[in-house]
Amino acid sequence: MSDIIRLLPDALANQIAAGEVVQRPASAVKELLENAIDAGANDIQLVIKDAGKTLIQVIDNGCGLSPTDARMAFERHATSKIRDINDLFAIRTFGFRGEALASIAAIAQVELRSRRQEDELGTRLLIEGSEIKSQEPVSCGSGTQLLVKNLFYNVPARRNFLKKDETEFRNIHEEFVRVALAQPQIQFSLSHNGAVLYQLKPAKLRQRIVAIMGEAINAALVPVQEQTQLLHVSGFIGKPSHARKSKGQQYFFVNNRFIRDGYLHHAVMGAFDQLLTDGSHPAYFLFLELDPRRIDINVHPTKTEIKFEEEQAVYAILQTAIKRALAQYHVAPSLDFERETGLDGIDLFPQNPEDIRPPQLKLNPDYNPFSNPKPATASAKVQPDGWAEFYQITQASLPQPTMFADNESTVVEKHAQQPFQLHQRYICAPIKSGLLLIDQQAAHERIRYERLLQNAGKGQSQRLLFPELLPLNRQEMELISPVLAEIRQLGFEVEILGPNLQFTGLPPDMQAGELPKMIDELLEQLRIKDNGLRLNQHEALARLLAKVGAIATGKKLETIEMNLIIDQLFACEQPHFAPDGRPTLTKLTLEEIARRFV
Ligand code: ADP
Ligand code: MG
């Protein structure tokens with residue numbers, strides 16, 4: 001048999017490599033923005049059409065390329081950023097693999113215009129599927145303009161794999177935000193389909209954060225500053241009171257590069273410790289600077305993961321820095337933090353690595369704070385085994401709903417015996433055959449859910465005396481706009497007013513005070529569902545809203561409130577279960593009770 005091994009043609013090899021570097025429009029955006037930064041630009045414009053599927057354009061005022069380099073830049077493994085292996089360990093630029101441009105040119109139609117300051121004429125280069133179509137001198141501004149058209153035009157399988165524009169653009173938007181946060185001194189703009197979303201002036205970090213996240217965050221930002229031999233930590237954390245249900249505002253930058261790191265995240269969360277209410281996420285924008293030789297950024301082609309040589313020391317320093325910041329700004333009781341145990345006394349470079357006392361934690365190596373948690377309870381739970389039987393039993397043994405129907409003749413009877421509350425969690429109501437136990441939160445969720453659905457479409461709402469304004473940033477606005485119509489269906493009167501959601505009316509059962517929490521929760525749900533919560537039925541939204549505003553476990557109830565809940569629950573079509581399938585009530589019969597006394 002003849003030999004069968006062949007070398008892949010360059011174009012094909014590039015296409016395959018492109019699969020690693022360019023998974024979606026957002027990855028091309030990231031590479032191009034990083035190149036512009038590496039080129040020393042202080043003004044970078046990003047222009048997008050159709051979520052990057054039609055056009056990604058980056059215009060920078062950086063160093064530009066010579067005609068020869070322009071051509072070289074698209075060769076595989078062509079980079080100006082490292083020359084030998086030592087450079088690799090000291091690298092401060094974003095690029096070094098020399099893969100990005102070659103990969104992008106393999107799967108798109110690319111046009112480059114570039115001129116170095118010192119040259120009179122620039123170069124225009126057209127490449128399609130790795131093939132150079134033309135190269136000619138052109139007169140253009142100094143710097144580089146790169147147009148990437150019709151991404152994946154020659155790889156239909158990949159193109160079909162792309163998500164809908166909304167999702168792809170959300171990813172681009174997030175890449176842009178990461179880069180713009182990391183480089184506040186650089187001027188950036190972003191436009192999509194002709195609409196300018198950001199025009200960011202060169203700024204200090206705080207201003208840049210506010211320009212992107214919205215004015216609301218300004219008052220919540222607490223500066224963090226810590227300098228040790230190993231590591232410089234700076235940036236801002238959000239006060240615990242600003243913590244949100246959504247994880248949208250958590251950013252680590254190592255040497256000005258955005259990274260994901262579950263271990264560092266854990267350090268931050270540890271510092272916030274008791275200060276957060278359950279399930280809320282503090283904002284942070286943290287910059288770690290350290291000698292590039294002490295980190296390995298080469299671990300992942302997209303370079304968002306990182307390995308630290310002194311992982312545990314970095315952990316300890318970061319955590320202490322944040323505790324100190326919280327204490328200093330009187331966010332945390334300063335008793336919690338003793339200066340003596342701070343960093344000043346720690347030997348950060350012990351001879352023996354064993355001397356570093358490892359932070360006390362159990363780490364799940366697979367833990368990734370950026371991966372999507374399980375969506376809370378957007379879909380109804382599968383009923384537990386034996387449910388049908390249970391259901392029959394309760395149906396049969398329960399006081400019939402008619403007995404509790406809202407009709408005056410029964411009022412006296414049903415309230416003759418007073419309900420009482422157990423552990424601020426259960427409503428206990430003596431009934432003829434024993435004791436009725438109601439889970440107050442589950443019950444109230446059911447009540448709110450059915451009321452919201454009943455109201456759906458009827459558009460009944462109570463008008464607010466004063467409109468309620470909720471500031472959202474652009475990313476949040478993008479998430480919520482597609483579901484506004486559904487929200488209105490449920491009886492909300494809401495408009496987008498500049499950077500705010502303006503509520504002028506609410507469904508009958510809602511309070512204005514619930515709005516911030518409700519929107520926060522909704523945003524988080526929209527965020528964790530990759531394609532946006534499918535709210536073409538109001539159900540999912542109603543379920544969510546029902547949950548957010550429900551009387552929580554732990555709330556003390558007055559008799560009158562308990563009676564109201566009992567009445568309203570039995571007026572429901574399905575009183576036995578919360579919208580997510582949890583039981584709302586159960587019964588202890590007299591026989592059961594009696595049996596325990598035998
Ligand atoms: P890398 O960034 O890893 O070096 P790329 O494929 O992204 O590889 O880019 C190849 C080379 O092209 C870079 O090393 C740089 O010299 C040059 N280059 C890319 N983009 C720009 C730009 N916007 N301005 C100037 N030079 C650029
Ligand atoms: Mg690059």
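Brief remarks on what is shown
- Residues (modelled with pLDDT of 85 or more, of a type in the set (S, T, N, Q) and closer than 20 Å to L506 by Cβ) located in region 441-482: Q462, S481
- Within region 123-137, the set of residues being touching a residue at least 40 places away in the same chain (Cβ under 8 Å) and of a type outside the set (S, T, Y) comprises L125, I127, G129, E131, I132, Q135, P137.
- The single condition among (1) within 27 Å of the chain's Cα centre (by Cα); (2) modelled with pLDDT under 95; (3) assigned to a helix (DSSP H, G or I) that V29 does not meet is (2).
- The criterion of at least 2 residues that are open to solvent by 50 Å² or more (accessible area, probe 1.4 Å) is met by the following strands (runs of 3 or more DSSP E) wholly inside region 173-247: 195-200, 221-227.
- Look at region 552-576: where a residue is of a type in the set (K, R) and a partner is open to solvent by 70 Å² or more (accessible area, probe 1.4 Å), sitting 6+ places away or on another chain with Cβ atoms under 6 Å, you get K556/Q424.
- Members of region 60-73 found to be under 17 Å from V138 (Cβ atoms) and either touching a Leu at 6+ places or on another chain (Cβ under 6 Å) or part of a helix (DSSP H, G or I) (or both), listed by number: P67, T68, D69, A70, R71, A73
Table: residues versus (1) within 16 Å of ligand 2 (Cβ to nearest atom); (2) modelled with pLDDT under 95.
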{"residue": "L7", "(1), (2)": "no, yes"}
{"residue": "L33", "(1), (2)": "yes, no"}
{"residue": "Q57", "(1), (2)": "no, no"}
{"residue": "G64", "(1), (2)": "yes, no"}
{"residue": "T79", "(1), (2)": "yes, yes"}
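Residues checked against (1) open to solvent by 20 Å² or more (accessible area, probe 1.4 Å); (2) more than 16 Å from ligand 1 (Cβ to nearest atom); (3) within 27 Å of the chain's Cα centre (by Cα):
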position: R97; (1), (2), (3): yes, no, no
position: A108; (1), (2), (3): no, no, no
position: R115; (1), (2), (3): yes, no, no
position: I132; (1), (2), (3): yes, no, no
position: V138; (1), (2), (3): yes, no, no
position: S142; (1), (2), (3): yes, no, no
position: K149; (1), (2), (3): yes, yes, no
position: F161; (1), (2), (3): yes, yes, yes
position: E166; (1), (2), (3): yes, yes, yes
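- Whichever residue in region 35-55 is assigned to a loop (DSSP other than H, G, I, E, B) and within 16 Å of ligand 2 (Cβ to nearest atom) and, among such residues, is least open to solvent (accessible area, probe 1.4 Å): A41
- Subset tally (residues that are open to solvent by 50 Å² or more (accessible area, probe 1.4 Å) and in contact with a helix residue (DSSP H, G or I) (Cβ under 6 Å, 6 or more places away or on another chain)) for region 461-486: 2
- Per the conditions (1) buried (at least 16 other Cβ atoms within 10 Å of the Cβ); (2) under 30 Å from I593 (Cα atoms), the sole criterion not satisfied by K432 is (1).
- Residue match in region 84-91 (condition: within 16 Å of ligand 1 (Cβ to nearest atom), without any contact (Cβ under 8 Å) to a residue 60 or more places away in the chain and either among the β-branched types (V, I, T) or in a helix (DSSP H, G or I) (or both)): yes
- Applying a threshold of 7 Å to beta carbon distances and a minimum spacing of six or more residues, or different chains, the list of pairs starting in region 138-152 at a residue that is free of Cβ contacts under 8 Å to residues at least 40 places away in the same chain and ending at one that is open to solvent by 30 Å² or more (accessible area, probe 1.4 Å) and in a loop (DSSP other than H, G, I, E, B) reads V138/L121; S139/L121.
- Every residue from region 59-80 that is more than 7 Å from ligand 1 (Cβ to nearest atom) and within 35 Å of the chain's Cα centre (by Cα): I59, N61, F74, R76, H77
- Residue in region 109-122 that is at pLDDT 95 or above, within 16 Å of ligand 2 (Cβ to nearest atom) and hydrophobic (A, V, I, L, M, F, W, C) present: yes
- Residues in region 14-26 that are within 12 Å of ligand 1 (Cβ to nearest atom) and open to solvent by less than 10 Å² (accessible area, probe 1.4 Å) were compared, and the one that is modelled with the lowest pLDDT is A18.
The values are calculated or read from the model by the stated rules, or taken from the named source; none is laboratory data. Keep in mind the model is a prediction, meaning the values are calculated, not measured. Please note: Cβ atoms are built from the backbone with ideal geometry, for glycine as well, and neighbour counts cover all protein chains shown. The area values use the complete protein model at the heavy-atom level, side chains included, leaving out ligands, DNA and RNA. Shrake-Rupley method; radii C 1.70, N 1.55, O 1.52, S 1.80 Å.
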